Amino acid sequence: MQHLFRLILFLFFLLLVCGCSQRHLKPETSDVNSKAQVADQAISDVDPSQTDTENKIIASQNDEDGVLESDESFDTFDDEFDEFEDEFSDEVAVEVSDPLGGYNRFMTGFNDKLYFWVLKPVATGYSWVVPEFARRGINNFFKNLYYPVRLVNNVLQLKFKNAGEETLRFVTNSTIGVLGLWDPAKVWFGLEAHPEDFGQTFGVWGIGPGPHIVLPVLGPSNLRDAIGLAPQWIYLNPVNNISTVADLSGLEKIEELDKTETKLGILALERVNNTSLRLGEYESLKKDAIDFYPFLRDFYEQNRQRLIEE
Amino acid sequence: MRILSFSVLMLLLLVQPAFADELALVKKNAEQRINAVIDYIRDKNLDKNTRNQKIIAAMSPMFDFSQMAKLSMGKRNWTRMTPAQRQEFNELFVIRLQESYLEKLDLYTDEEVVVDQAKQVKTRIHVRSHLVAKDDKIEMIYKFYKKNNQGWKVYDVEILGVSIVQTYRSQFAGILKNQSIEDLLEKLRQTGGFTVPTGKY
């Protein structure tokens, strides 16, 4: 008797739970469905040439959450705000120390002019002359050459699997990929690049970013990342160590290669080539900002933080 | 007693999938919308204006734009605004978000978008997607919260680890430190100047 009673109780309970879980889901589905209907109507009203894609998605032009929100919801903000208050703050997400703010703002302006007056026109002209596949190839070539930077930093961060993958990539792309011009490691074997630099390594070691510094030509950085550039440039940068690279490749020694002009020329080519593949990105980013310098600064610092956490 | 523990077990089994179902649903929904947008971009027959209109129409229901506007302003500053200011700010902000989004789409025309994970984060759902470009991968996270009676809505988008709402919020707070709300609205009216018409206005 007692068992029967429990069984009934259990069944009742089960029913209740099923009901709940269904009801839990229902608003979502029915909401979506009804919206889909409204949307289909709205679209067929507006546009007679209805296609399959339009049926597939749930589109609503007169969506009540859009711009046409009534005043009403603006007043019920108290509870909602509290719910989100832990997540956002008036301060920047990552604490940014910026004692050089004045200089940084100036340098951001300088780099901006440099981009619009020099880099962009040159890169645009270059992109007219050199076809895209060639520019991608050159970009891949340079990326492949930066393998030592990625290898050393992956190892210093104890990411041995990534270091191994990088090595496989380098071997594959330097050979089958014809000097790294092409990226078969990714296309054929699904091996992804794992870019790491000294700034990130220092970050992983627990060193904070320090004050934000905008570098001439190179753009946003901070003390930690800027210091990280030094060992990278001196020991691992393929352009700076170009005669070593030539040596290792079995080429004859060419005096010309060690000249600063040559190195700057190569760096300029690399930069112009890269920019030619990214025309418009900087401009668009700039429009997203209301006040450009702090926007760029916070963007950089948050992005670096994310890269270090990975 | 055994039945009781059995019922508890059943309860756990039944409750668990409920959220998993919602996760799957939110993910699928986001996936469909994003794919639809990509279809529109690839459809060469559409002129830009209609295309943009369709894209916005496809994405809008997923977003809670007013919530994003509010959160970007923050509680302290939002309470200082008059209803008229709130209304105008909301409109300017939403247009801005949409235009910025459309312009980004123009930049990344040939990329692939993969929606690869929906994750529960406390009471929220984070849907992670990747824009797979020719030489890099851009991570985008759509953050959903459950809005009363309206299902799951996006309240923030994170691109490359940078939260859009947070970025706007620190900018607004920075400006409002020394300037008035009217000054900020004036700035919003002027800046931007995106070349892409949303077609809505």
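Read-outs: derived from the displayed coordinates by stated rules, not from any lab. As the structure is a prediction and not an experimental result, all values here were calculated from the model. Cβ coordinates were reconstructed from backbone atoms using ideal geometry, including for glycine residues, and neighbour counts include every protein chain displayed.
Given axes a ≥ b ≥ c from the Cα gyration tensor, I'd like to know whether chain B is rounded (a/c under 1.5), prolate (a/b larger than b/c) or oblate.
oblate
Taking the Cβ of residue B:114 as the center, what net charge do the other residues with Cβ under 11 Å away carry, scoring Lys and Arg +1 and Asp and Glu -1? It would help to have the intermediate numbers written out before the result.
Numbers: positive: B:128, B:137; negative: B:31, B:111, B:112, B:116, B:139.
Neighbour charge sum, excluding residue B:114 itself: -3.
Describe numerically, in nm with one decimal, the distance between label points set 7 Å from Cα along Cα→Cβ at residue A:229 and at residue A:243.
2.5 nm
Which FRET efficiency, nearest 0.05, do residue B:136 and residue A:134 yield, Cβ-Cβ r, R0 22 Å? Mind dumping the intermediate values first?
Numbers: r = 19 Å, r/R0 = 0.86.
Efficiency computed from Cβ-Cβ geometry: 0.70.
How much net charge surrounds residue A:289 when only other residues with a Cβ under 15 Å from its Cβ are counted (Lys, Arg +1; Asp, Glu -1)?
Working: positive: A:105, A:286, A:287, A:297, B:96, B:104, B:169, B:187; negative: A:112, A:281, A:283, A:288, A:291, A:298, A:301, B:99, B:103.
That sum, taken over residues with Cβ under 15 Å, equals -1.
Among rounded, prolate and oblate, which fits region B:26-116 when a ≥ b ≥ c are the square roots of the eigenvalues of its C-alpha gyration tensor, a/c under 1.5 means rounded, and a/b larger than b/c means prolate? Present the calculation step by step, with values, prior to reporting the outcome.
Numbers: a/c = 2.81, a/b = 1.94, b/c = 1.45.
Here region B:26-116 falls in the prolate category.
How would you classify region A:181-226 from its alpha-carbon gyration tensor, with a ≥ b ≥ c the square roots of the eigenvalues: rounded for a/c under 1.5, else prolate if a/b is greater than b/c, otherwise oblate? Can you show the working numbers first?
Numbers: a/c = 5.56, a/b = 1.98, b/c = 2.82.
Oblate shape, in that a/c is at least 1.5 and b/c is the bigger or equal ratio.
Hey, got a sec? Which trypsin sites (Lys or Arg not before Pro) in region B:91-152 land in a DSSP loop and have at most 12 other Cβ atoms within 10 Å? The partial results should precede the final answer.
Values: sites: B:96, B:104, B:119, B:122, B:124, B:128, B:134, B:137, B:143, B:146, B:147; in loops: B:122, B:134.
The qualifying sites are B:122.
What FRET efficiency would be calculated for the residue pair residue B:6, residue B:76, taking the C-beta separation as r and a Förster radius of 41 Å, to the nearest 0.05?
Working: r = 52 Å, r/R0 = 1.27.
Computed FRET efficiency for residue B:6 and residue B:76 comes out at 0.20.
Given the pairs A:113/A:286; B:122/B:153; B:104/B:187; B:75/B:177; B:27/B:104, which span a C-alpha to C-alpha distance of over 18 angstrom in this model? Mind showing how you got there, number by number?
Working: A:113/A:286 13 Å; B:122/B:153 15 Å; B:104/B:187 22 Å; B:75/B:177 15 Å; B:27/B:104 22 Å.
Beyond 18 Å: B:104/B:187; B:27/B:104.
Using Cα pairs closer than 8 Å and at least 6 residues apart in sequence, work out the relative contact order for chain B, in percent. Mind showing how you got there, number by number?
Numbers: 216 pairs, mean separation 45.1, N = 201.
Reported relative contact order: 22 percent.
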